[in-house]
Amino acid sequence: TQLLEQSPQFLSIQEGENLTVYCNSSSVFSSLQWYRQEPGEGPVLLVTVVTGGEVKKLKRLTFQFGDARKDSSLHITAAQPGDTGLYLCAGIRGTYKYIFGTGTRLKVLA
Amino acid sequence: ETGVTQTPRHLVMGMTNKKSLKCEQHLGHNAMYWYKQSAKKPLELMFVYNFKEQTENNSVPSRFSPECPNSSHLFLHLHTLQPEDSALYLCASSRKTGPDNSPLHFGNGTRLTVT
């Protein structure tokens with residue numbers, strides 16, 4: 001299967017803490033995207049990673065694509081309440097196949 | 001008006017009803033998608049259209065019938081649904097020229113409850 005497993009499934013942390021979310025698959029993807037979804041809204045793209053081993057930074061968020069292009073991680077430094085949401089990874093295969101992960105629901109407490 | 005707009009935001013229907021979900025995008029994109037988001041399940045791709053032509057049908061039951069009259073509008077016609085079809089239905093669009101990594105732009109979804 002092309003399942004993308006995310007861990008942890010749920011995470012509740014205090015403001016200022018660091019955290020890492022993982023996205024793992026047994027399949028290779030041409031590229032991988034991370035989205036964040038807030039309650040009552042659709043997912044919004046955070047980043048796209050394309051090259052194996054690639055690291056991208058978006059303010060306090062650091063994204064890494066695994067060397068073999070089968071997995072990815074998202075690290076948040078000094079989490080803020082505004083980071084609260086559902087984080088989704090999506091592997092891209094072919095033209096229209098965006099395969100979404102199982103999701104990580106993050107809650108950052110003030 | 002920008003982005004991807006879905007109507008209605010909420011829908012409650014009985015199993016014998018017929019209803020339609022509507023999606024409209026103002027981004028000039030050529031590809032449009034229907035996804036189903038259920039609790040405890042990953043986002044499931046249902047249908048994809050590119051320039052009004054259906055390119056993906058992910059083994060969706062026939063009680064869901066998509067329609068794409070043009071590149072800006074997408075409908076999902078619903079009839080004789082089951083309670084397990086209750087979910088958030090998300091529409092998305094993208095500018096696709098091939099197997100590239102164009103981002104998906106999502107609407108805010110229609111929360112469907114089947115009673």
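The values are calculated or read from the model by the stated rules, or taken from the named source; none is laboratory data. Keep in mind it's a predicted model, so treat the numbers as computed, not measured. Positions of Cβ are generated from backbone atoms using ideal geometry, with glycine treated the same way; all protein chains shown enter the neighbour counts.
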Can you pull out every residue in segment A:1-31 that is within 25 Å of B:G109 (Cβ to Cβ), aliphatic (A, V, I, L, M) and modelled with pLDDT of 95 or more?
A:L11, A:V21
So A:G40, is it within 8 Å of chain B (Cβ to nearest Cβ) and on the phi > 0 side of the Ramachandran plot
yes
Tell me, yes or no, whether segment B:95-103 has at least one residue that is within 12 Å of the chain's Cα centre (by Cα) and surrounded by 13 or more Cβ atoms within 10 Å (Cβ to Cβ).
no
Being crowded, with 19+ Cβ neighbours inside 10 Å and more than 21 Å from A:W34 (Cα to Cα): is that true of B:L21 here?
yes
If you go through segment A:92-110, how many residues are within 17 Å of the chain's Cα centre (by Cα) and part of a loop (DSSP other than H, G, I, E, B)?
2
Yes or no: B:M46 assigned to a strand (DSSP E or B), more than 11 Å from every other protein chain (Cβ to nearest Cβ), within 10 Å of the chain's Cα centre (by Cα) and in contact (Cβ under 8 Å) with a residue 12 or more places away in the chain?
yes
Only one of (1) surrounded by 14 or more Cβ atoms within 10 Å (Cβ to Cβ); (2) farther than 26 Å from B:T16 by Cβ does not apply to B:Q37, and that is (2)
For residues in segment B:73-93 being surrounded by 15 or more Cβ atoms within 10 Å (Cβ to Cβ) and over 13 Å from B:V48 (Cα atoms), which is nearest to the other protein chains (Cβ to nearest Cβ)?
B:L88
Of these, A:L32, A:L45, which one is within 14 Å of the chain's Cα centre (by Cα) and surrounded by 21 or more Cβ atoms within 10 Å (Cβ to Cβ)?
A:L32
Starting from segment B:49-63, keep only residues that are more than 12 Å from chain A (Cβ to nearest Cβ), then list their pairs with residues that are in a loop (DSSP other than H, G, I, E, B) whose Cβ atoms are within a distance under 7 Å, requiring at least 6 positions of separation or different chains.
B:F51/B:N30; B:F51/B:S71; B:K52/B:S71; B:R63/B:T80; B:R63/B:L81
Return yes or no: is A:Q9 under 26 Å from B:M46 (Cβ atoms), surrounded by fewer than 18 Cβ atoms within 10 Å (Cβ to Cβ) and touching a residue at least 40 places away in the same chain (Cβ under 8 Å)?
yes
Within segment A:90-104, identify whether any single residue is at pLDDT 95 or above, within 14 Å of another protein chain (Cβ to nearest Cβ) and touching a Ser or Thr at 6+ places or on another chain (Cβ under 6 Å), and answer yes or no.
no
Failed item in (1) at positive phi; (2) within 14 Å of chain A (Cβ to nearest Cβ), with B:K96 passing the rest:
(1)
Out of the residues in segment B:64-85 that are assigned to a loop (DSSP other than H, G, I, E, B) and more than 14 Å from the chain's Cα centre (by Cα), which is nearest to B:W34 (Cα to Cα)?
B:L81
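Here is a yes/no grid of residues against (1) away from chain B (no Cβ under 12 Å); (2) hydrophobic (A, V, I, L, M, F, W, C); (3) within 24 Å of B:S94 (Cβ to Cβ):
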| position | (1), (2), (3) |
| --- | --- |
| A:E17 | yes, no, no |
| A:Y22 | yes, no, no |
| A:Y35 | no, no, yes |
| A:T51 | no, no, yes |
| A:A79 | yes, yes, no |
| A:D83 | yes, no, no |
| A:K107 | yes, no, no |
Taking only segment A:13-29 into account, find how many residues are among the hydroxyl-bearing types (S, T, Y) and more than 16 Å from the chain's Cα centre (by Cα).
2
